[in-house]
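Here the structure is laid out as structure tokens; the discussion comes afterwards.
The values are calculated or read from the model by the stated rules, or taken from the named source; none is laboratory data. All figures in this text were calculated on a predicted structure; none of them were measured in a lab. Positions of Cβ are generated from backbone atoms using ideal geometry, with glycine treated the same way; all protein chains shown enter the neighbour counts.
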Amino acid sequence: MTETVLAVLNQPSRDAAPHDPAADAFTFEAPLDHQVQVQDLGITRGDGVFETITVVDGRPQALEAHLARFGRSAAKLDLPAPDTDAWRRAIEAACAELDPVREAFVKTVLTRGVEGTDRPTGWVYAAASGDSTAARTEGIAVVTLDRGYRHDVERTSPWLLQGAKTLSYGVNMAALREAARRGADDALFLSTDGYVLEGTRANLVMSVGGRLVTPRTDIGILDGTTQADVFRFAEAEGIETAYELITREDLRAADALWLVSSVRQAAPIRSVDGEPQAMDLALTEQINDFLLARES
């Protein structure tokens, strides 16, 4: 049985030399064997980027959107540009190697490599997803946490790398632990000047007055691939969509809220900071049916 797959890229970027000029574009390796050198800057400094891609019935979803964001994140870190063709082939090969399951995921990782080598490290890891049924059907509890930045941080301080999907997830994991201490499932970040940003690993979508609204993407948050497809669903259904600045008070006035992401898809929010939140479970089911049926 093949429950996990690891493909290690020989030349993650055409802008850098291959690790082995005579080797294939990628090789399958044993996921639990040692593969990354301890001096790799992705390990020692979190100096790298990643993507997590939903796989349904062996098909990677929103693949081109993920690859495009992978490249944008690498550019923000001044990493060598990912060789999109090589990564696409490795992703598709990893999906083909997995045992057939309804839902799985693929994680792509690109690091700066071992310090001083000027050769990035890249790999693709695939595995079956956990069961997200409860989150999708019963909802999740979230707490709001101060992110410590103004909403315009991406424009004022680009060196803070807001809007890049980097390996430096220490703050996100600390926020998840804080949410658990408060009896919640996840956290929703707020800017210091009072605007809603994003979840620890997801984008916010809210229903208000018959529209679907999400925070603007120029405020130091990730442009969500799943959120974009939720809006694609909405537009096909004739539902108006918008990118806006959202406040904590706007959350209280919303008809329904979701955190949307790869793997978990659309999870309705049942409470915010302990305050009950109305859920639209019928619309949630429609959204998730659409997301899980995507062809690309």
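Residue check: is Glu138 of a type in the set (Asp, Glu) and over 25 Å from Gln277 (Cα atoms)? Write out each step before concluding.
Numbers: of a type in the set (Asp, Glu): yes; over 25 Å from Gln277 (Cα atoms): no.
No.
Could you tell me whether the range 94-101 includes any residue that is under 22 Å from Arg201 (Cβ atoms), modelled with pLDDT of 95 or more and surrounded by fewer than 17 Cβ atoms within 10 Å (Cβ to Cβ)?
So far as the range 94-101 goes, no, none of its residues is under 22 Å from Arg201 (Cβ atoms), modelled with pLDDT of 95 or more and surrounded by fewer than 17 Cβ atoms within 10 Å (Cβ to Cβ).
Only one of Thr200, Thr217, Thr225 is under 23 Å from Asn172 (Cα atoms), among the hydroxyl-bearing types (Ser, Thr, Tyr), in the same structural domain as Glu138 (by TED's automatic domain parsing) and buried (at least 23 other Cβ atoms within 10 Å of the Cβ); which? I'd like the intermediate steps shown before the answer.
Values: Thr200 fails: buried (at least 23 other Cβ atoms within 10 Å of the Cβ); Thr217 fails: buried (at least 23 other Cβ atoms within 10 Å of the Cβ).
Going through Thr200, Thr217, Thr225 in turn, the sole match is Thr225.
Can you pull out every residue in the range 127-161 that is aliphatic (A, V, I, L, M), modelled with pLDDT of 95 or more, out of contact with any Ser or Thr (no Cβ under 7 Å at 6 or more places or on another chain) and surrounded by 18 or more Cβ atoms within 10 Å (Cβ to Cβ)?
Ala135, Ile140, Val142, Val143, Leu145
Every residue, every condition in (1) part of a helix (DSSP H, G or I); (2) farther than 28 Å from Ala293 by Cβ, yes or no:
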residue	(1), (2)
Gln227	yes, no
Glu249	yes, yes
Trp258	no, no
Pro268	no, no
Ser271	no, yes
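With respect to Val205, determine if the residue is buried (at least 20 other Cβ atoms within 10 Å of the Cβ), assigned by TED's automatic domain parsing to the domain that holds Arg14, at pLDDT 95 or above and in contact with a strand residue (DSSP E or B) (Cβ under 7 Å, 6 or more places away or on another chain). Talk me through it step by step, then tell me what you get.
Values: buried (at least 20 other Cβ atoms within 10 Å of the Cβ): yes; assigned by TED's automatic domain parsing to the domain that holds Arg14: no; at pLDDT 95 or above: yes; in contact with a strand residue (DSSP E or B) (Cβ under 7 Å, 6 or more places away or on another chain): yes.
No; evaluated as a whole, the condition is false for this residue.
Looking only at helices (runs of 4 or more DSSP H) that lie completely in the range 21-98, which have at least 1 residues being over 21 Å from the mean Cα position of the chain (by Cα), of a type outside the set (Asp, Glu) and closer than 24 Å to Tyr169 by Cβ?
Working: elements: 41-44, 63-76, 84-97.
The qualifying helices (runs of 4 or more DSSP H) are 41-44.
Out of curiosity, is Glu198 farther than 26 Å from Ala68 by Cβ and at pLDDT 95 or above?
Values: farther than 26 Å from Ala68 by Cβ: no; at pLDDT 95 or above: yes.
Here the answer is no, as Glu198 does not meet what is asked.
Return the only residue of Arg89, Arg69 being buried (at least 18 other Cβ atoms within 10 Å of the Cβ) and either assigned by TED's automatic domain parsing to the domain that holds Thr225 or not acidic (Asp, Glu) (or both).
Within the list Arg89, Arg69, the selection yields Arg69.
Quick one: what pairs do we get from the range 271-296, first residue buried (at least 18 other Cβ atoms within 10 Å of the Cβ), second assigned to a loop (DSSP other than H, G, I, E, B) and small (Gly, Ala, Ser), C-beta under 7 Å, 6+ apart or different chains?
Partner pairs satisfying both residue conditions: Met279/Gly139.
Could you tell me which of the residues Ala187, Ala179, Ala164, Ala175 is in the same structural domain as Leu251 (by TED's automatic domain parsing), under 21 Å from Thr284 (Cα atoms) and either free of Cβ contacts under 8 Å to residues at least 60 places away in the same chain or touching a helix residue (DSSP H, G or I) at 6+ places or on another chain (Cβ under 9 Å) (or both)?
Details: Ala179 fails: under 21 Å from Thr284 (Cα atoms); Ala164 fails: under 21 Å from Thr284 (Cα atoms); Ala175 fails: under 21 Å from Thr284 (Cα atoms).
Selected residue: Ala187, the only one of Ala187, Ala179, Ala164, Ala175 that is in the same structural domain as Leu251 (by TED's automatic domain parsing), under 21 Å from Thr284 (Cα atoms) and either free of Cβ contacts under 8 Å to residues at least 60 places away in the same chain or touching a helix residue (DSSP H, G or I) at 6+ places or on another chain (Cβ under 9 Å) (or both).
Looking only at the range 25-64, filter to residues that are in contact with a Ser or Thr (Cβ under 7 Å, 6 or more places away or on another chain) and aliphatic (A, V, I, L, M); which one of those is nearest to Leu79 (Cα to Cα)?
For the range 25-64, the residue satisfying everything is Val49.
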